[in-house]
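Visitor: Take a look at this one; I'll ask things after.
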Amino acid sequence: MAKCAECDAVIEIPDNAMAGEILTCVECGSSFELAKAGDSFELKPAQSVGEDWGQ
Ligand SMILES: [Zn+2]
């Protein structure tokens, strides 16, 4: 499991998850890309299509 960087909600990573997969936080809807980090995974912010991040 990992935590959403946006709202701290727990995001479950499926056992059969693969690096590069996109997971979406059910709480805030943020998308994260699964990246392999040693024996486990970490979540990287994913570029979401058509959304303005207000930079
Ligand atoms: Zn979230």
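The values are calculated or read from the model by the stated rules, or taken from the named source; none is laboratory data. Predicted model, so just to flag it, every value in this text is computed and none were measured. Neighbour counts are summed over all protein chains in view; Cβ atoms, including those assigned to glycine, are modelled from backbone coordinates with ideal geometry.
Visitor: If you take the residues in region 20-37 that are touching a strand residue (DSSP E or B) at 6+ places or on another chain (Cβ under 9 Å) and in contact (Cβ under 8 Å) with a residue 24 or more places away in the chain, which one is surrounded by the most Cβ atoms within 10 Å (Cβ to Cβ)?
Guide: That would be Phe32.
Visitor: Please state which one of Gly29, Gly38, Gly50, Gly54 is on the phi > 0 side of the Ramachandran plot and either modelled with pLDDT of 95 or more or under 11 Å from the mean Cα position of the chain (by Cα) (or both). Break it down into steps so the answer makes sense when it comes.
Guide: Working: Gly38 fails: either modelled with pLDDT of 95 or more or under 11 Å from the mean Cα position of the chain (by Cα) (or both); Gly50 fails: either modelled with pLDDT of 95 or more or under 11 Å from the mean Cα position of the chain (by Cα) (or both); Gly54 fails: either modelled with pLDDT of 95 or more or under 11 Å from the mean Cα position of the chain (by Cα) (or both).
Step by step, each of Gly29, Gly38, Gly50, Gly54 is checked, and only Gly29 is on the phi > 0 side of the Ramachandran plot and either modelled with pLDDT of 95 or more or under 11 Å from the mean Cα position of the chain (by Cα) (or both).
Visitor: Now a separate question. Can you tell me how many residues within region 7-19 are in contact (Cβ under 8 Å) with a residue 12 or more places away in the chain and within 10 Å of the chain's Cα centre (by Cα)?
Guide: So the answer is 2.
Visitor: Is one or more of the residues making up region 10-23 at pLDDT 90 or above, within 10 Å of the ligand (Cβ to nearest atom) and touching a Lys or Arg at 6+ places or on another chain (Cβ under 9 Å)?
Guide: yes
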